[in-house]
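Undergrad: First the structure, which I've put down as structure tokens, then a few questions once you've had a look.
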Amino acid sequence: MRVALALALSLAGTAAAAHDYPTVGRVEFVLECMQRNAGKQEFLYKCACVIDEIAQKYSYEDFVEASTAARHQSLAGERGGLFRDPPQIRATAKRYLQVQNEAMKRCEVPR
């Protein structure tokens with residue numbers, strides 16, 4: 001019985017860790033989200049909700065890749081082409097923006 005409980009707790013911890021984000025990454029996301037909403041305190045929990053929702057869909061490494069692709073879609077010039085032109089990067093950015101927009105709706109954060 002103890003072995004089964006230890007195994008279950010171990011597996012639960014592994015599943016949770018798969019989408020665990022560093023505190024700094026979460027804080028940066030929340031602060032940026034709050035700033036986009038006039039820095040209002042009410043958005044502290046709402047923006048934290050958004051990153052929690054995103055973390056359910058993406059590992060941290062995938063989140064960094066997808067959010068970077070989305071953020072840089074509008075870069076001009078040759079450097080921006082690295083993010084705009086490859087179909088796979090455009091698709092990654094599009095999917096991330098969909099996930100983010102859905103999370104923002106669920107968490108009542110205006111876009």
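Undergrad: What about Ser59, is it surrounded by fewer than 17 Cβ atoms within 10 Å (Cβ to Cβ) and touching a residue at least 12 places away in the same chain (Cβ under 8 Å)?
TA: Numbers: surrounded by fewer than 17 Cβ atoms within 10 Å (Cβ to Cβ): yes; touching a residue at least 12 places away in the same chain (Cβ under 8 Å): yes.
Yes, satisfied.
Undergrad: Continuing with the same structure: Can you tell me how many residues within segment 23-54 are crowded, with 19+ Cβ neighbours inside 10 Å, under 14 Å from Glu102 (Cα atoms) and under 10 Å from the mean Cα position of the chain (by Cα)?
TA: Residues flagged as crowded, with 19+ Cβ neighbours inside 10 Å, under 14 Å from Glu102 (Cα atoms) and under 10 Å from the mean Cα position of the chain (by Cα) within segment 23-54 amount to 3.
Undergrad: In addition: Which of (1) part of a helix (DSSP H, G or I); (2) open to solvent by 20 Å² or more (accessible area, probe 1.4 Å); (3) not polar (S, T, N, Q) does Met104 not meet, given it meets every other one?
TA: For Met104, the failing item is (2).
Undergrad: While we're on this one: Quick check on my filter: what residues within segment 71-87 are in a helix (DSSP H, G or I), over 14 Å from Cys33 (Cβ atoms) and in contact with a helix residue (DSSP H, G or I) (Cβ under 9 Å, 6 or more places away or on another chain)? Don't jump to the end; show me each part of the working.
TA: Start the filter on segment 71-87 by keeping residues that are in a helix (DSSP H, G or I), which leaves 71, 77-84, 87.
Add one more test, that the residue is over 14 Å from Cys33 (Cβ atoms), and what stays is 77-84, 87.
Passing the criteria: Leu82, Phe83, Arg84.
Undergrad: Of the conditions (1) open to solvent by 90 Å² or more (accessible area, probe 1.4 Å); (2) touching a residue at least 40 places away in the same chain (Cβ under 8 Å), Arg111 clears all except one; give me its number.
TA: Checking Arg111 against (1) open to solvent by 90 Å² or more (accessible area, probe 1.4 Å); (2) touching a residue at least 40 places away in the same chain (Cβ under 8 Å), the one that fails is (2).
The values are calculated or read from the model by the stated rules, or taken from the named source; none is laboratory data. Only a predicted model underlies this, so the values are computations on that prediction, with no experimental measurement involved. A quick note on method: Cβ atoms are made from the backbone with ideal geometry, for glycine too, and the neighbour counts reach across all protein chains shown. Each accessible area value is taken on the protein alone, full model and side chains, heavy atoms only, with ligands, DNA and RNA left out. Shrake-Rupley method; radii C 1.70, N 1.55, O 1.52, S 1.80 Å.
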